[in-house]
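The values are calculated or read from the model by the stated rules, or taken from the named source; none is laboratory data. Computed from a predicted structure; not experimentally measured. Here the Cβ positions follow ideal geometry from the backbone for every residue, glycine too, while neighbour counts run over all protein chains shown.
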Amino acid sequence: MECEEDTCLLCAGTGTMSWQQPVPGPEGLVLHEMSHPCPRGCSGWWKLPHGDRGGIVPGVVAGNAARANEIPAGPSTPV
């Protein structure tokens, strides 16, 4: 997904998302500034892997975890 907005809602046009995240330290949790290139492609060099951009990669079948999480259709059991 290319960043087509005038001001991206994820990175505010900077190309980098940043946030504060608690990280365990010697005296408890400490807030650290974290950053990552914008997944919408605003950074110009980093983009989500192709499969994550559109949600589905053509020709790829569901993996074992997806198949294991499927609930088979069957008769309902009376309560």
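Some observations on this one:
- One residue stands out among those in the stretch 32-64 that are surrounded by fewer than 13 Cβ atoms within 10 Å (Cβ to Cβ), modelled with pLDDT of 75 or more and of a type in the set (G, A, S): the one that is nearest to W19 (Cα to Cα), which is S35.
- Qualifying residue in the stretch 18-27 (condition: at pLDDT below 70 and under 19 Å from the mean Cα position of the chain (by Cα)): no
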